[in-house]
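A short reminder: the numbers here are calculations on the coordinates, not readings from a lab. This structure is a prediction, so every number in the text was calculated from the model and none was measured. All Cβ positions, glycine included, derive from the backbone under ideal geometry; neighbour counts span all protein chains shown.
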Ligand code: GDP
């Protein structure tokens, strides 16, 4: 899973990105890395695998991960090729979801490209560039479809939808709020356009340090961001990129103390990763053993064989059964054997829908 960080210049994107990847690099047990200067791998915080690790006396604990991409350089006119605009837009097309950083902090020393802090205007500026870029894609598809639409019913249907999406975007609305007709072909076509404004988005309101303790409750900019997010079914959260950067330099103990001092319980990064996870409809199942305890990412609703396929394609191909015990039960009983004795370990088949926190042992045959 890949998330792209976007926003106007000087809103705190790089600060956030650097603290994300740095925090990752500092945590033990996992070869976190910055793949290239703009791409970083970040662990999904999950204390369950740590606890499982202790239970199994395991050699290695591996969290689920998310990839973050710092997409700098989106400015007004990007869709018209301003700066390296088009290239950045192409980068966004490759991500699964977008984190849109919005400046909600005042600081005279840090220039705002538009001269003032104004989240609604900033959000609109970025979103319009995304909309323009999407309109171009739709135009191209439209030109193709129109040629065949008179002879081909399916194409005519698509042509109709394309018109609808175009109108929707031209009103300044995002494609994610467009109601795709309940038709298999159209749903598929819509997905294939891979529109930027159809991607799930989390707005990250970047606030000053003093606004962190009450989660930005007294910051009117934050209210604006939250309202915009709600109006289009997007997520929103409050972060302070500067604090995150400081936190990234601390060890676990110091970090806890500092967070307490600030009056917050978890770091913004943890919130961001957790929120992204739920926005994308993702959950984790766990595997446990002496060699490794590990969290694996799947979409909600994934069945046992496909979950097994995340570990290895052979596991999916040769799937027989899954031995499943909920994490809480396993911890409470103290061992798999104890849970089994009480009949608390399920033997599940191909139709079993994996749940968050399931500890699974796959039986397979290849
Ligand atoms: P980008 O252009 O969006 O990547 O912005 P940067 O991350 O480079 O940040 C621009 C400037 O704003 C830097 O000098 C940061 O130190 C500063 N900055 C970022 N986040 C905050 C914040 O939460 N509060 C304050 N006061 N400054 C911040």
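Just a few scattered comments:
- Between residue 250 and residue 108, the contour length at 0.36 nm per residue exceeds the alpha carbon distance by 48.3 nm.
- When you restrict to C-alpha pairs under 8 Å that are six or more residues apart and normalise by the size of the stretch 199-256, the relative contact order lands at 43 percent.
- Three-way shape call for the chain based on the alpha-carbon gyration tensor, with the a/c threshold at 1.5: oblate
- Between the stretch 164-196 and the stretch 205-276, the Cα center-to-center distance that results, in Å: 32 Å
- Taking each residue as 0.36 nm, the span from residue 120 to residue 231 lengthens on full extension beyond its C-alpha to C-alpha distance by 38.7 nm.
- DSSP beta bridge pairing in the chain, given as percent antiparallel to the nearest 5: 50 percent
- In the chain, helical runs assigned H by DSSP with n ≥ 4 each contribute -39500 (n - 2.57); averaged across all residues and rounded to the nearest 500, the mean residue ellipticity at 222 nm is -13500 deg cm²/dmol.
- Residues within the reach of a label modelled at residue 340 (point 7 angstrom out along Cα to beta-carbon, backbone nitrogen below 14 Å), restricted to the stretch 299-324, are 322-324.
- The chain, relative contact order in percent, only Cα pairs under 8 angstrom and at least six apart counted: 18 percent
- As a proxy for reagent exposure, ranking 121, 103 by other Cβ atoms within 10 Å from fewest up yields 121, 103.
- Sequence-separation-based contact order of the stretch 70-207, relative, with Cα cut under 8 Å and 6+ spacing, percent: 32 percent
- Taking other Cβ atoms within 10 Å as a rough exposure proxy, 1, 174 sort from fewest to most as 1, 174.
- Order of 92, 110, 98 - criterion: other Cβ atoms within 10 Å of each residue's Cβ, fewest first: 110, 92, 98
- Shape category assigned to the stretch 53-149 from the gyration tensor of Cα positions, a/c cut at 1.5: oblate
- In this calculation the C-beta distance from residue 270 to residue 160 is compared with R0 = 45 Å, giving a FRET efficiency of 0.50.
- Length gained on full extension, residue 2 to residue 300, computed as 0.36 nm times the residue gap minus the Cα-Cα distance: 105.6 nm.
- Euclidean distance of C-alpha centroids, the stretch 58-136 and the stretch 289-356, integer Å: 38 Å
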